[in-house]
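Worksheet for the structure shown next.
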Amino acid sequence: MMGSVKPSSNNAVDIGNDVLLPDKGESSGESTKRPKKSRVVVREYPLNLTAMMDMMTIILVYLLKSYSSDPTNIQASNDLTLPMSTTHFKPEEAAAVAITKKGILVADKTVVELKNDKVNIADKGGKEDSMLITPLLAVMKTEAEKQKMIAKYNKKEDFKGLVLIIGDKMVPFRLLTEVLYTVGQAEFGQYKFAVTMENP
């Protein structure tokens, strides 16, 4: 025997023990489809400090290399007159040390002042007969460390320990020897002299 059908509240239809509920969309005439909300997932990634330090070091090396003075760009003055030569060798890039009548310069900055073509005793550790010029040694050691750092990150730039001596033609032999000895103690064992080429 079929069960009786009884109307119930809320438009529900009771069929025996089963209750059928009408679709809300059908009763209201509205569509049941609703737009889905997009879900944005925010994730945090830890910074790789090692990679950032390597990047900053490379940038620093590039800046040091870019802003280093050009040793071949020598400005003649009353305090610096280069000796004449017939050499045809092209100058190499090297740490430049200039010896003028007034002082010793590295990268266009005065490191030691001279008086009567002599280094002050205080700049030689208080010993007049010493060959070591203390301020020049400190600056050249810093220059050596800078070149080594550049060579570490740039295989094309090997540390050769080469120094270019830009000396006035009247520099005394004793002063020149002291300079060469001092730069040698800072691992600059090779040196060349800047000259003015004579016209053929």
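Before moving on, here are some points about what is shown:
- Here the residues E143, E113, ranked from fewest to most Cβ neighbours within 10 Å of their Cβ, fall in the order E113, E143.
- Full-stretch length increase - K141, T81 - with 0.36 nm per residue and alpha-carbon distance subtracted: 18.9 nm
- Stokes-Einstein diffusion coefficient of region 71-197, Kirkwood radius over Cα pairs, 10 °C, 1.306 mPa s, in µm²/s: 105 µm²/s
- For K109 and N48, a Förster radius of 41 Å and the Cβ-Cβ distance give a FRET efficiency of 0.60, rounded to the nearest 0.05.
- With both residues required to sit in region 71-197, DSSP beta bridges show an antiparallel share near 50%.
All of the numbers you see were taken from the coordinates with simple rules; none came from a lab. Small disclaimer: the values here were computed from a predicted structure and weren't measured. Note: ideal-geometry Cβ built from the backbone for every residue, glycine included; neighbour counts use all protein chains shown.
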